[in-house]
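Asker: Before I ask anything, let me first share the structure, which is written out below as structure tokens.
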Amino acid sequence: MRIKRDYWSAIKRFFMWITSRFKPLTVHTEAIMIDSVWEAVKKEVKKNSVLKWYVMTPANRDFFKSDFNVKISKKKLSEILRRRYLWMLEHGQKLELHIHLSLVAGNMNYKEQDKLFKESINWIKKELGIKPAEFAPGWFIYNEDTLNLCKKYRLKMIYEGDYDYKHDFQLL
């Protein structure tokens, strides 16, 4: 059997990735609850080299546990994230929303996604006193439901080529 490859799509994605490296830097916070990552984040904040930080909330606790083996309660996670994000805000950093949905876009229906959006946005409003205006999906994986939820919550969808980006754990 012969495998059909979409070379044009691969070339376009590579070009988009290259051109995004010349855009302002953003960071997706995914491991900021780990002290060594937090120390690296503080150094980056002091350099003032990051345009925006796309932050995750305790709503993604299962992701933190599976990807980073973080074994703390949701309450403790919330306390750590709150303190660290407030410190970032006090130091003039711009925070926006980052949620990991699913590696397979069709594996989360509208209701499941809406639950994560609502919990994340409510946490940011209550704990940080801000309302996010932008949303960057984890792995840049989304579907039509995600786009509809961005409209519902008045969030600008951020796509992979919109900014240069890295993850907080890559600051180490």
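The values are calculated or read from the model by the stated rules, or taken from the named source; none is laboratory data. Predicted model, so just to flag it, every value in this text is computed and none were measured. So basically every Cβ, Gly included, is an ideal-geometry build from the backbone, and we count neighbours across all protein chains shown. We work out accessible area using only protein heavy atoms, side chains counted, and drop any ligands, DNA or RNA first. Shrake-Rupley method; radii C 1.70, N 1.55, O 1.52, S 1.80 Å.
Asker: Dipole of region 102-172, Cα-centred, from +1 at each Lys and Arg C-beta and -1 at each Asp and Glu C-beta, to the nearest 20 debye?
Answerer: Details: 11 positive and 11 negative charges, 87 e Å.
Charge dipole of region 102-172: 420 debye, to the nearest 20.
Asker: Could you pull out the pairs from LYS74/LYS118; LYS74/LYS94; LYS43/LYS125; LYS131/LYS152; LYS46/LYS94 whose alpha carbons sit more than 18 Å apart here? Let's see the in-between values first.
Answerer: Values: LYS74/LYS118 16 Å; LYS74/LYS94 24 Å; LYS43/LYS125 26 Å; LYS131/LYS152 14 Å; LYS46/LYS94 13 Å.
Flagged as over cut-off: LYS74/LYS94; LYS43/LYS125.
Asker: Highest GNM mean-square fluctuation, the chain, Cα pairs closer than 10 Å: which of HIS28, HIS91, HIS100?
Answerer: HIS91
Asker: Taking a 1.4 Å probe, which of LYS166, LYS43 shows the most accessible area, and what order do the others take after it?
Answerer: Values: LYS166 70, LYS43 140 Å².
Descending order: LYS43, LYS166.
Asker: The list (1) 397; (2) 139; (3) 121 gives values of volume of the Cα convex hull per residue in Å³, and only one came from this structure; which label was calculated from it?
Answerer: After the calculation, the listed value that fits is (2).
Asker: Have a look at MET33, MET108, MET16 and tell me which one the Gaussian network model of the chain (Cα, springs below 10 Å) gives the largest fluctuation.
Answerer: Looking only at MET33, MET108, MET16, the biggest GNM fluctuation is shown by MET16.
Asker: What nm distance separates the two modelled labels at ASP164 and ILE18, each placed 7 Å from Cα along Cα→Cβ?
Answerer: 1.6
Asker: Could you give the size of the charge dipole of region 1-68 about its Cα centre, using +1 on the Cβ of each K and R and -1 on the Cβ of each D and E, expressed in debye and rounded to the nearest 20?
Answerer: 480
Asker: Given +1 on the Cβ of Lys and Arg, -1 on the Cβ of Asp and Glu, and no further charges, what dipole in debye does the chain carry about its Cα centre, rounded to the nearest 20? Write down the numbers at each step before the final one.
Answerer: Values: 33 positive and 21 negative charges, 27 e Å.
In debye, rounded to 20, the chain gives about 120.
Asker: Given the options ASP162, ASP67, ASP145, which has the most mean-square fluctuation in a GNM of the chain, springs set between C-alpha atoms less than 10 angstrom apart?
Answerer: ASP67
Asker: For the pairs LYS12/LYS42; LYS47/LYS115; LYS126/LYS166; LYS71/LYS151; LYS23/LYS76; LYS12/LYS111, flag any whose C-alpha to C-alpha distance is greater than 30 Å.
Answerer: Details: LYS12/LYS42 35 Å; LYS47/LYS115 36 Å; LYS126/LYS166 27 Å; LYS71/LYS151 34 Å; LYS23/LYS76 35 Å; LYS12/LYS111 33 Å.
Check vs 30 Å cut-off fails for LYS12/LYS42; LYS47/LYS115; LYS71/LYS151; LYS23/LYS76; LYS12/LYS111.
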